[in-house]
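Working notes for the structure below.
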Amino acid sequence: MLSKSKIKFIHSLALRKNRTERRVFLAEGPKLVGDLLGKDKAMLLLATKEWLDRRHENGCLSEEIVEVDEDELSKASLQKHPQQVIAVFCQKKREITPQTLRGRLSLMLDGVQDPGNLGTIVRIADWFGIENVICSHETADIYNPKAIQATMGSIARVNVFYTDIVRLTDMLPELFPVYGTLLDGKDIYAQKLTTEGIIVMGNEGNGLSENMRKKVNRSLYIPNFPLGRKTADSLNVAIATSVICSEFRRQQSCIK
């Protein structure tokens with residue numbers, strides 16, 4: 001039997017202040033919860049008998065497991081169409097250092113506001129083998145339920161950090177590649193891209209902040225096709241991130 005207090009607790013996690021205070025987050029659905037359980041034990045798990053019967057290690061899944069029916073699941077869920085399982089996990093406390101960025105490609109987000117975009121970018125990072133996504137304090141909360149759902153399980157494999165990104169870039173070696181997409185940047189398809197560096201993506205409406213523009217030492221631009229044709233004013237930040245990461249990895253595979 002699912003208690004009203006547990007339903008109230010789960011609903012409370014829609015608010016950032018409650019997630020932050022308790023240092024937990026919510027995940028829903030077999031794919032997302034399954035990926036997370038592959039890395040960590042849940043604090044609370046609500047699941048249908050059908051879902052639980054498919055798992056043979058139920059005792060290792062969560063500190064507390066509550067079997068629920070479809071009606072109870074619907075009452076607890078934040079989704080319009082809940083699917084079999086809801087879980088509460090502890091937030092990871094992560095700290096980023098300049099050394100973490102050396103010898104690899106990382107993404108840096110400068111004020112990305114939409115949780116859906118943020119979650120999709122984490123999913124893109126996972127696809128292209130980028131292990132670290134560094135967010136400014138102005139970027140949306142990765143533990144927002146919409147962001148978590150948009151990662152489609154990639155949050156289990158990608159490290160997401162929040163820090164003062166200007167200060168962090170100041171701590172890097174002078175010639176460390178810091179890429180940024182700017183309207184006056186250079187055609188990405190005509191540039192030799194490195195296997196080490198940071199790709200900085202900006203706010204949906206305003207792009208990179210003035211302080212981060214000053215830190216970019218390799219500016220890029222995604223050209224529209226054909227040149228000179230009137231097109232959309234811009235690309236969605238998640239789509240632009242995908243295009244850029246794809247070109248970085250394409251060049252890297254060609255080198256091999």
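The values are calculated or read from the model by the stated rules, or taken from the named source; none is laboratory data. Predicted, not measured: the structure shown is a model, and the values here were computed from it. Quick reminder, even Gly has a Cβ in these numbers, built from the backbone with ideal geometry, and neighbours come from all protein chains shown. Note: areas computed on protein heavy atoms with side chains; ligands, DNA, RNA excluded. Shrake-Rupley method; radii C 1.70, N 1.55, O 1.52, S 1.80 Å.
Listing for the model above:
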read-out	value
Candidate set: the stretch 165-178, residues that are among the hydrophobic types (A, V, I, L, M, F, W, C) and open to solvent by 20 Å² or more (accessible area, probe 1.4 Å); chosen: the one nearest to Thr120 (Cα to Cα)	Val166
Complete set of residues in the stretch 200-241 that are part of a strand (DSSP E or B) and free of Cβ contacts under 8 Å to residues at least 60 places away in the same chain	Gly207, Arg218, Ser219, Leu220, Tyr221
Single residue of Gly185, Gly197 found to be without any contact (Cβ under 8 Å) to a residue 40 or more places away in the chain, within 28 Å of Pro98 (Cα to Cα) and touching a Phe, Trp or Tyr at 6+ places or on another chain (Cβ under 7 Å)	Gly185
Those residues of the stretch 145-164 which are out of contact with any Leu (no Cβ under 8 Å at 6 or more places or on another chain) and open to solvent by less than 60 Å² (accessible area, probe 1.4 Å), in sequence order	Ser154, Val158, Asn159, Val160, Phe161, Thr163
Restricting the stretch 203-244 to residues that are acidic (Asp, Glu) and open to solvent by 90 Å² or more (accessible area, probe 1.4 Å), the residue that is nearest to Arg123 (Cα to Cα)	Asp233
Number of positions in the stretch 62-86 that are touching a helix residue (DSSP H, G or I) at 6+ places or on another chain (Cβ under 9 Å), surrounded by 13 or more Cβ atoms within 10 Å (Cβ to Cβ) and not in a strand (DSSP E or B)	10
Among the residues listed as Thr181, Thr195, the single one being crowded, with 16+ Cβ neighbours inside 10 Å, under 23 Å from Val160 (Cβ atoms) and of a type in the set (S, T, N, Q)	Thr181
Condition check for Ile244: under 19 Å from the mean Cα position of the chain (by Cα) and without any contact (Cβ under 8 Å) to a residue 24 or more places away in the chain	no
Lone qualifier among Leu37, Leu52 - being open to solvent by 10 Å² or more (accessible area, probe 1.4 Å), of a type in the set (A, V, I, L, M) and without any contact (Cβ under 8 Å) to a residue 40 or more places away in the chain	Leu52
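Here's the yes/no breakdown for (1) crowded, with 21+ Cβ neighbours inside 10 Å; (2) among the small types (Gly, Ala, Ser); (3) touching a helix residue (DSSP H, G or I) at 6+ places or on another chain (Cβ under 9 Å); (4) under 25 Å from Thr195 (Cβ atoms):
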| site | (1), (2), (3), (4) |
| --- | --- |
| Val88 | yes, no, yes, no |
| Arg94 | no, no, no, yes |
| Pro98 | no, no, yes, yes |
| Leu101 | yes, no, yes, yes |
| Ile121 | yes, no, yes, yes |
| Ala125 | yes, yes, yes, yes |
| Phe128 | no, no, yes, yes |
